[in-house]
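**Q** Pasting a structure below so you can have a look.
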Amino acid sequence: MTLARQLELSHAQLVDIKQALTERIKEGLESHGAEIKALPSYFGAPNREIEGRALVIDTGGTNMRAAVVELEQGRGTCVSGPVKRTLPMREGEKLSGQEFFDAQAGLAKEVAPAPGLPVGYCFSYPSENSPDRDSRLLRWTKGIDIPGVEGTLVGSSLRASLQSVGCAPGAVRVLNDTVASMLGGASVHAEVPSERTIGLIVGTGNNMAGFFDAGQSSKIPKDYRGKMAVNLESGNFAPPHLTPFDDEVDAESDNPSFQRFEKAVSGFYLPFVFAKALPNTPGFDPYAGTGQLVQLRDTGSGEARDVAAALLARSADLVAASLAGVIELYGPSEDAVGILAEGTFFWGDPAYATRVDSTLRTLLSAGHTAKVVRTDEANLIGSAVAALEP
């Protein structure tokens, strides 16, 4: 069997993965310490009539951004910014926790926010929100590890740094990037029922968020009305049918046995899987990102082209299976589930979204439909929604 064939997943295997994820999500919604964290955000479905301005800061796996966003008549507009910088850690700098938050505050100052603006802080690492909508970092992922931050409240730390640079922030609300994407897309796509949406990130890392009610999760307060956005932290799912190459990447990572799904699909890790499968490919640098895989698939030749194509297709198929697993929990309806997809990998590969959509259609049970929708600056808009929500 060729290397490329070893990386392919059959329809039956994808169904196995879908069903396994559905069961793990159920476990996560009901109990603490499960493989799927299923962390309540304390944000509900967005009110499409909400208006106002907010300072938003979006800290992802590779970059940080800041903007002042205005919500008006169901639309979100950046009235200042966004400004963008590569995370200092990605450029080899060693940071303390204080310096990490100060760097984001310095970026925010560049957009000249008015005093007292509420702050939406999109923080894309596994964190547990509290009812006051601050969030405690559980662990670093995406190859980042800044000492002294795990276990602390990131919203409070950012607020202190904003004050130190003279930004005079209002209340700081923290949300995961999948939740931000979901809130942002649901607030502007009126054709999609806001509570039947899924937030999906496929970029440097991978994660999903969904809406669930107290009847589906013991973690949601019994008196909570409607559905709450839940950050699933699905990148920690350990799916069946991975390969020895995936096992090697996991074993050599800085968090062995964690984030197995993310390591099989995301932009940061996928080039390392390729390097394990074909370790002697001339000129290939796993640290240079997935653009190399797309180039090899589209313009390369021989085994390198075939393996790159197989890895990209497998990533899209795994993402489709994970989406089908969440959609199963939403139940059948005449309304399609809206998938609010974000991430440079998801949209940067011209074939990726199409592959996810076509595979997803083969995995959906009867009575379920879904559509992938795109919102420009969904994370920034969703963070503004969170900042302005009562």
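The values are calculated or read from the model by the stated rules, or taken from the named source; none is laboratory data. This one's a predicted model, so the numbers in the text were calculated from it and none came from an experiment. Don't worry about glycine lacking a Cβ; one is built from the backbone with ideal geometry, like all the others, and counts go over all protein chains shown.
Residue by residue, here is whether (1) modelled with pLDDT of 90 or more; (2) surrounded by fewer than 19 Cβ atoms within 10 Å (Cβ to Cβ); (3) outside the structural domain of Val174 (by TED's automatic domain parsing) holds:
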{"residue": "Lys18", "(1), (2), (3)": "yes, no, yes"}
{"residue": "Ala54", "(1), (2), (3)": "yes, no, no"}
{"residue": "Glu70", "(1), (2), (3)": "yes, yes, no"}
{"residue": "Gly76", "(1), (2), (3)": "no, no, no"}
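**Q** So, one more: Can you tell me how many residues within the range 265-323 are hydrophobic (A, V, I, L, M, F, W, C) and not in a helix (DSSP H, G or I)?
**A** 3
**Q** Out of Thr369, Thr375, Thr344, Thr299, report the one residue that is out of contact with any Leu (no Cβ under 6 Å at 6 or more places or on another chain) and at pLDDT 95 or above.
**A** None of the other options fit; the residue is Thr299.
**Q** Considering (1) modelled with pLDDT under 95; (2) part of a helix (DSSP H, G or I); (3) of a type outside the set (Lys, Arg); (4) surrounded by 19 or more Cβ atoms within 10 Å (Cβ to Cβ), say which one Glu99 fails and leave the rest.
**A** Just one mismatch for Glu99, condition (4).
**Q** What residue, among those in the range 215-232 that are without any contact (Cβ under 8 Å) to a residue 12 or more places away in the chain and farther than 18 Å from Arg133 by Cβ, is surrounded by the fewest Cβ atoms within 10 Å (Cβ to Cβ)?
**A** Lys222
**Q** Every residue in the range 147-193 that is hydrophobic (A, V, I, L, M, F, W, C), touching a residue at least 60 places away in the same chain (Cβ under 8 Å) and in a loop (DSSP other than H, G, I, E, B), please.
**A** Across the range 147-193, the qualifying residues are Val165, Cys167, Ala171, Ala190, Val192.
**Q** Is it fair to say Gly81 is over 20 Å from the mean Cα position of the chain (by Cα), modelled with pLDDT under 90, surrounded by fewer than 17 Cβ atoms within 10 Å (Cβ to Cβ) and on the phi > 0 side of the Ramachandran plot? Working first, answer last.
**A** Numbers: over 20 Å from the mean Cα position of the chain (by Cα): yes; modelled with pLDDT under 90: yes; surrounded by fewer than 17 Cβ atoms within 10 Å (Cβ to Cβ): no; on the phi > 0 side of the Ramachandran plot: yes.
Against the criterion (over 20 Å from the mean Cα position of the chain (by Cα), modelled with pLDDT under 90, surrounded by fewer than 17 Cβ atoms within 10 Å (Cβ to Cβ) and on the phi > 0 side of the Ramachandran plot), Gly81 does not qualify.
**Q** I'd like the full set of residues that are hydroxyl-bearing (Ser, Thr, Tyr) and within 30 Å of Thr86 (Cβ to Cβ), limited to the range 204-239. Don't jump to the end; show me each part of the working.
**A** Here is the first cut: in the range 204-239, the residues hydroxyl-bearing (Ser, Thr, Tyr) are 204, 217-218, 224, 234.
Answer for the range 204-239, where residues must be hydroxyl-bearing (Ser, Thr, Tyr) and within 30 Å of Thr86 (Cβ to Cβ): Thr204, Ser234.
**Q** A further question on this structure: Yes or no: Gly166 crowded, with 24+ Cβ neighbours inside 10 Å and of a type outside the set (Val, Ile, Thr)?
**A** Working: crowded, with 24+ Cβ neighbours inside 10 Å: no; of a type outside the set (Val, Ile, Thr): yes.
Considered against the rule, which asks whether it is crowded, with 24+ Cβ neighbours inside 10 Å and of a type outside the set (Val, Ile, Thr), Gly166 comes out as no.
**Q** If you don't mind, there's one more thing I want to ask. Which one of these does Ala251 not meet: (1) within 30 Å of Leu278 (Cα to Cα); (2) buried (at least 24 other Cβ atoms within 10 Å of the Cβ); (3) among the small types (Gly, Ala, Ser)?
**A** In the conditions (1) within 30 Å of Leu278 (Cα to Cα); (2) buried (at least 24 other Cβ atoms within 10 Å of the Cβ); (3) among the small types (Gly, Ala, Ser), Ala251 misses (2) alone.
**Q** Follow-up. Return the residues of the range 140-157 that are under 29 Å from Thr197 (Cα atoms) and either in contact with a Cys (Cβ under 7 Å, 6 or more places away or on another chain) or at pLDDT 95 or above (or both); say none if nothing qualifies.
**A** Passing the criteria: Leu153, Val154, Gly155.
**Q** Every residue in the range 208-238 that is of a type outside the set (Ser, Thr, Tyr) and touching a Leu at 6+ places or on another chain (Cβ under 7 Å), please.
**A** Narrowing the range 208-238 to residues of a type outside the set (Ser, Thr, Tyr): 208-216, 219-223, 225-233, 235-238.
Matches in the range 208-238: Met208, Ala209, Gly210, Phe212, Gln216, Lys219, Ala229, Val230, Asn231, Glu233, Phe237.
**Q** Looking at the range 72-81 only, could you name the residues that are closer than 15 Å to Pro113 by Cβ and not β-branched (Val, Ile, Thr)?
**A** Across the range 72-81, the qualifying residues are Cys78, Ser80, Gly81.
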